[in-house]
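Asks: Before I ask anything, let me first share the structure, which is written out below as structure tokens.
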């Protein structure tokens with residue numbers, strides 16, 4: 001079974017996104033959620049580094065969470081429909097995209113952290129290393 005990254009609330013330890021895909025390369029950020037079917041509940045896509053985004057060719061509304069370099073939520077845009085642009089907000093370093101109907105419970109000021117997959121290894125990019133993520137044992 002494939003292990004997934006998790007996005008966790010630093011203060012409470014609550015898992016915010018259970019199946020987190022990470023787009024930290026040029027092509028993976030460029031493609032993002034374009035032309036995909038709506039992913040299952042618990043899925044999110046983290047684009048890093050990324051300060052703004054669009055929903056061109058995205059087939060469903062998404063919630064957009066803007067995070068700074070430390071993982072603190074800078075802004076949240078809910079229900080961003082296809083064919084829209086989300087402009088940059090100061091201090092945004094990464095963007096989390098989650099289908100709107102999943103009811104993401106995140107608000108500005110909240111601090112989130114990445115939790116690596118258990119039982120799997122992935123070479124850490126400079127982006128993930130900057131967030132203080134350690135490789136899985």
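Asks: Given a cut-off of 17 Å, what percent of all Cα-Cα pairs of segment 1-58 lie beyond it? Intermediate results must be reported in sequence, preceding the final value.
Replies: On the way: 768 of 1653 pairs.
Above the 17 Å cut-off, segment 1-58 has 46 percent of its Cα pairs.
Asks: Also, quick follow-up: Rounded to the nearest Å, what's the spacing between the alpha carbon centres of segment 41-77 and segment 2-31? Just the number, please.
Replies: So the separation of the two Cα centres works out to 11 Å.
Asks: Normalising by the residue count of segment 5-119, find the relative contact order in percent from Cα pairs under 8 Å and 6+ residues apart. Mind dumping the intermediate values first?
Replies: Working: 269 pairs, mean separation 35.4, N = 115.
Dividing the mean separation by the residue count of segment 5-119 yields 31 percent.
Asks: Percent of Cα-Cα pairs more than 17 Å apart in segment 5-119, please. Please report the intermediate quantities before stating the final value.
Replies: Numbers: 3256 of 6555 pairs.
Result for the distance tail: 50 percent.
Asks: Antiparallel as a % of all DSSP beta bridges within segment 5-119, to the nearest 5? Let's see the in-between values first.
Replies: Numbers: 24 of 29 bridges.
Counting DSSP beta bridges with both partners in segment 5-119, the antiparallel share is about 85 percent.
Asks: Relative contact order for segment 1-54: what is it in percent, counting Cα pairs under 8 Å that are at least 6 residues apart?
Replies: Numbers: 61 pairs, mean separation 17.7, N = 54.
Here the relative contact order equals 33 percent.
Asks: Given a Förster distance of 25 Å, report the FRET efficiency between residue 18 and residue 70 from their Cβ-Cβ distance, rounded to the nearest 0.05. Working shown, then result.
Replies: On the way: r = 22 Å, r/R0 = 0.88.
Computed FRET efficiency for residue 18 and residue 70 comes out at 0.70.
Quick note: the coordinates plus some simple rules give every number you see, no bench work behind them. What you see is a predicted model; the values in this text were computed from it and never measured. So basically every Cβ, Gly included, is an ideal-geometry build from the backbone, and we count neighbours across all protein chains shown.
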